[in-house]
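Student: Have a look at this one.
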Amino acid sequence: QLQLVESGGGLVQAGGSLRLSCAASGSIFGINAMGWYRQAPGKQRELVAIITGGGSTNYADSVKGRVTISRDNAKNTVYLQMISLKPEDTAVYYCYGDFQIGYLKSRYDYWGQGTQVTVSS
């Protein structure tokens with residue numbers, strides 16, 4: 001069984017910063033990708049940023065220049081550093097992982113439970 005445990009959400013004023021963390025634990029053989037999605041009330045879940053096993057990154061246009069995704073391979077942890085936050089960044093942020101599990105290296109997608117980020121104007 002694999003778990004994704006998120007931390008770092010909260011309330012911040014516009015222009016402020018937050019750092020989200022997501023630690024993966026379990027029978028992980030390999031990581032194809034880890035990233036962050038978000039879902040605002042009444043909207044669909046959308047990609048914020050993702051980092052592949054090889055270290056390539058991809059960002060949503062709405063956050064480019066304000067968000068940096070990074071990963072600590074030894075800790076199976078992914079981070080999302082957000083600066084210059086805007087009220088429109090308010091959403092539940094979900095950690096996502098595409099993993100190879102167990103000795104068969106079976107591929108599975110996992111989601112975290114979500115962490116609330118609220119940016120006040």
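Student: Normalised by the residues of the chain, what does the relative contact order come to in percent, with Cα pairs under 8 Å and at least six apart?
Tutor: The value is 35 percent.
Student: Determine the dipole magnitude for the stretch 30-90: charges of +1 sit on the beta-carbon of Lys and Arg, -1 on that of Asp and Glu, nothing else is charged, the reference point is the Cα centre, and the result goes in debye to the nearest 20.
Tutor: Dipole magnitude for the stretch 30-90 comes out near 40 debye.
Student: Can I ask one more? Which lysines, if any, have their Cα less than 27 Å from the Cα of residue 86, not counting same-chain residues under 8 positions apart?
Tutor: Here the lysines satisfying the reach criterion relative to residue 86 are 43, 64.
Student: Right, here's the next one. For the chain, give the magnitude of the charge dipole about the Cα centre (Cβ charges: +1 Lys/Arg, -1 Asp/Glu; no others), in debye to the nearest 20.
Tutor: About 80 debye.
Student: Between residue 45 and residue 58, what length in nm is gained on full extension when 0.36 nm per residue of separation is reduced by their alpha carbon distance?
Tutor: The residue 45-residue 58 span can extend by a further 3.1 nm.
Student: Using the C-alpha atoms of the stretch 1-52, what convex hull volume per residue, in cubic angstrom, is computed?
Tutor: Taking only Cα atoms, the stretch 1-52 has a hull volume of 115 Å³ per residue.
Student: Can you tell me which of 76-83, 37-44 comes out highest on packing, and rank the rest after it, using the mean Cβ neighbours within 10 Å?
Tutor: Those peptides, ordered most packed to least, come out 76-83, 37-44.
Student: What does the chain give for Rg and for Dmax, in Å, if only its C-alpha atoms count?
Tutor: Cα-based Rg and Dmax for the chain come out at 14.2, 49 Å.
Read-outs throughout are calculated quantities, based only on the coordinates presented, and are distinct from any laboratory measurement. Values in this document were obtained by computation on a predicted structure and should not be read as measured data. Every residue, glycine among them, receives a Cβ derived from its backbone with ideal geometry; neighbour counts consider all protein chains shown.
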